[in-house]
């Protein structure tokens, strides 16, 4: 307990950054992932190709490698300068959105074709059909894998510690500099992560329950 | 009114359609004037559902011309969406939007496509639900309704767009027998009100009672095109005689 109480500020600051990374890259991944999924089911072959190419290239590329690229290689391209935090958000987003895309797309495949036909027959455009009819139903059917993807993102934020972002993954190093017991510190970090995952699990349960009634 | 001054509501001319090597529509010719109720009969696999679906381009055709109200079907895109908004369609499997309540189902297209204000769309939707007899189900989800109620909701949803013509693709084939009549009653009411309708069905009673004209299809061809009395009492072709023999003897 001592390690935690003596260094409470350190824990709070680092975990605040973890949550910030999670929130920003979470929202960005969700948006980019849904957009990519829309590309992958588009009637335009070029769009489908772009979506497929993205997923093929990015999915399961080691996250550290994506970070290495954005922190070390990307600056040499001299496009826009990123701070470390922004670079971490970009890396996490690009990585996670490939998974979100595939989760959403598998959801789209569960929506019966008749739903799309009825939308088209009523005069809805492709975008209206996806936005009002297909995606809302698709997202309802993929709550568990989607939550898993976001739990993975939450834990993946710790990789940013290796790239000068002071989040939960960096707590060990900070404690070690202060001469604290790092092993106990690490156990606390793990425990707090378990606590952070719990609301996500709860959210999953609530959404599953609510949306099972509405179908 | 002469044929020259008003184009037919639906004109199908020389239409061919293939599913792979299967020739499902063979040089189909069909004109439906405004206000007419045309029933399409035929054995399963005769291409009647496909014909119905080509008219709002849910199935693209390989050759020939399809016009709705004098306008040829545009290619996929905004133009086609606009045309589809004017063509109501009712499916065998209802296809109500599963995540929306009945009244939301009926309101959706008017608000999204026609940009009708929500309050007005809701009012119209409730009137339509009243007309098809399920206003008391307005706030339920489709899965909570019986098949017959769902199909009536689907008809209300199509009518909400104030279509010029209604296509029915076997609207009662997925229903329990006791629910068929309630759907047919709604359709008969529509026919009486002067709606132009193309109805693919196996309901001979409806064809006799509500149709102005009967089209008999077999193997992708229009084999007969006559009045219901003529078709049921004196079919010309052997294929129609054979078909009627099978369904009317039991």
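Among the residues that make up segment B:52-60, is at least one of them within 11 Å of chain A (Cβ to nearest Cβ), in contact (Cβ under 8 Å) with a residue 12 or more places away in the chain, touching a helix residue (DSSP H, G or I) at 6+ places or on another chain (Cβ under 7 Å) and over 20 Å from residue B:154 (Cα atoms)? Yes, the conditions are met somewhere in segment B:52-60.
Filter segment B:131-141 down to residues that are touching a residue at least 12 places away in the same chain (Cβ under 8 Å) and in a helix (DSSP H, G or I) and give me whichever is surrounded by the fewest Cβ atoms within 10 Å (Cβ to Cβ).
Applying the first criterion (touching a residue at least 12 places away in the same chain (Cβ under 8 Å)) to segment B:131-141 yields B:131-134, B:137-141.
Those left that are additionally in a helix (DSSP H, G or I): B:131, B:137.
Values: B:131: 17, B:137: 20.
Among residues in segment B:131-141 that are touching a residue at least 12 places away in the same chain (Cβ under 8 Å) and in a helix (DSSP H, G or I), the one surrounded by the fewest Cβ atoms within 10 Å (Cβ to Cβ) is B:131.
Here is the figure for segment B:48-74: residues that are under 11 Å from residue B:87 (Cα atoms) and assigned to a strand (DSSP E or B) total 1.
Per the conditions (1) touching a helix residue (DSSP H, G or I) at 6+ places or on another chain (Cβ under 8 Å); (2) away from chain B (no Cβ under 14 Å); (3) assigned to a helix (DSSP H, G or I), the sole criterion not satisfied by residue A:148 is (1).
For segment B:112-130, the count of residues that are within 23 Å of the chain's Cα centre (by Cα), within 13 Å of chain A (Cβ to nearest Cβ) and assigned to a loop (DSSP other than H, G, I, E, B) is at least one. Within segment A:182-190, identify whether any single residue is touching a helix residue (DSSP H, G or I) at 6+ places or on another chain (Cβ under 9 Å), over 27 Å from residue A:1 (Cα atoms) and either away from chain B (no Cβ under 14 Å) or not in a helix (DSSP H, G or I) (or both), and answer yes or no. Taking every residue of segment A:182-190 in turn, none turns out to be touching a helix residue (DSSP H, G or I) at 6+ places or on another chain (Cβ under 9 Å), over 27 Å from residue A:1 (Cα atoms) and either away from chain B (no Cβ under 14 Å) or not in a helix (DSSP H, G or I) (or both). Note on segment A:30-137: enclosed helices (runs of 4 or more DSSP H) holding 2 or more residues that are modelled with pLDDT of 95 or more and more than 14 Å from chain B (Cβ to nearest Cβ) are A:45-58, A:84-110.
Looking at residue B:107, is it more than 8 Å from chain A (Cβ to nearest Cβ), closer than 20 Å to residue B:166 by Cβ and within 21 Å of the chain's Cα centre (by Cα)?
Taking the combined requirement at face value, the residue satisfies it.
Of the listed requirements (1) assigned to a strand (DSSP E or B); (2) surrounded by 15 or more Cβ atoms within 10 Å (Cβ to Cβ), residue B:83 misses just one: (1). Screening the candidates B:32, B:24 for the property of being buried (at least 21 other Cβ atoms within 10 Å of the Cβ), more than 22 Å from residue B:166 (Cβ to Cβ) and in contact (Cβ under 8 Å) with a residue 24 or more places away in the chain yields one hit, B:24. Just one of (1) surrounded by fewer than 19 Cβ atoms within 10 Å (Cβ to Cβ); (2) farther than 28 Å from residue A:110 by Cα fails for residue A:161. It is (1). Here the strands (runs of 3 or more DSSP E) wholly within segment B:168-250 that include at least 3 residues being at pLDDT 90 or above and closer than 24 Å to residue A:121 by Cα are B:196-200.
Okay, residues lined up against (1) farther than 30 Å from residue B:138 by Cα; (2) buried (at least 21 other Cβ atoms within 10 Å of the Cβ); (3) modelled with pLDDT under 90; (4) at the interface with another protein chain (Cβ under 10 Å from one of its Cβ atoms):
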| residue | (1), (2), (3), (4) |
| --- | --- |
| B:40 | yes, yes, no, no |
| B:65 | yes, no, no, no |
| B:69 | yes, no, no, no |
| B:76 | yes, no, yes, yes |
| B:103 | no, yes, no, no |
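The values are calculated or read from the model by the stated rules, or taken from the named source; none is laboratory data. Remember, it's a predicted structure, so these values are computed and weren't measured experimentally. For neighbour counting, all protein chains shown are included, and Cβ atoms are generated from backbone atoms with ideal geometry for every residue, glycine included.
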